[in-house]
Every structure is written in C-alpha cells, then in structure tokens.
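The values are calculated or read from the model by the stated rules, or taken from the named source; none is laboratory data. Since this is a predicted model, take the numbers as computed values, not measurements. Here the Cβ is made from the backbone with ideal geometry for all residues, glycine too, and neighbour counts use every protein chain on show. Note: areas computed on protein heavy atoms with side chains; ligands, DNA, RNA excluded. Shrake-Rupley method; radii C 1.70, N 1.55, O 1.52, S 1.80 Å.
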Amino acid sequence: MKRFLMVLLAVMFMVPAAHAVTKAEDIATTIMLRGYACPGRTVSNISEREDARGNKTIQATCADGARYQINVSADGRVTVQRLN
C-alpha cells in the first residue's frame, strides 16, 4: 500500500499544469469557431450585458480592428455577427 501511494504521488507531480484560458482568448476562439477571422487569438474592448431572461450579449474587437457581437441565449445557443 505504501508503494502504491508513493507511485501515485510521483505521478501527480509529473502531470503538467493546465494552461488557463483568458476571457479574451475564449471570446476570440468562439469568433473563430463560427467561421470569422480574429488574428492574434485575442480580443480587446470587451463589453458584456445580460438581460433579465439570462440572455448575454458580448461585443469585442479583434487585433485587426474587426468588431463582433456574440449572443448567448439563456439555453446556451451561441451566435456571432460582425459589426460595421
């Protein structure tokens, strides 16, 4: 039993830590997964609103200046549209 615990402890320290994803990276990835370009894989000028029904609206600007709006419905449906 002692040997098992030592092996388990050794394995736990060998597993690399997971890379934490920032909110900006998460939003940029969502934009790219919907088929839009977002160079640099990060965004800036993030603004978020949530209505009383739980629908969320996120607006963000990619590194190339393109602005996008992400709508997340209360049931989890995600849509992305490019803003002019």
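Ligands, DNA and RNA are left out, and with a 1.4 angstrom probe the accessible area of the chain is 77 Å² per residue.
Across the accessible surface of the range 15-62, with the other protein chains kept in place and a 1.4 Å probe, carbon and sulfur atoms take up 53 percent. Treating r as the C-beta distance of ARG77 and SER44 and R0 as 22 Å, the FRET efficiency rounds to 0.30. Once divided by 2.2 N^0.38 Å, the Cα radius of gyration of the range 21-82 becomes 1.05. Projecting label points 7 angstrom from Cα along Cα→Cβ for ARG67 and LEU33 puts them 2.5 nm apart.
With the helix formula -39500 (n - 2.57) applied to DSSP H stretches of n ≥ 4, the chain reaches a computed 222 nm mean residue ellipticity of -9000 deg cm²/dmol. Subtracting the Cα-Cα distance of THR22 and LYS2 from 0.36 nm times their residue separation leaves 3.2 nm of extension gain. Under a GNM of the chain (C-alpha, springs under 10 Å), which listed residue has the highest mean-square fluctuation: ALA28, ALA66, ALA52? Most flexible of the set in this elastic network: ALA52.
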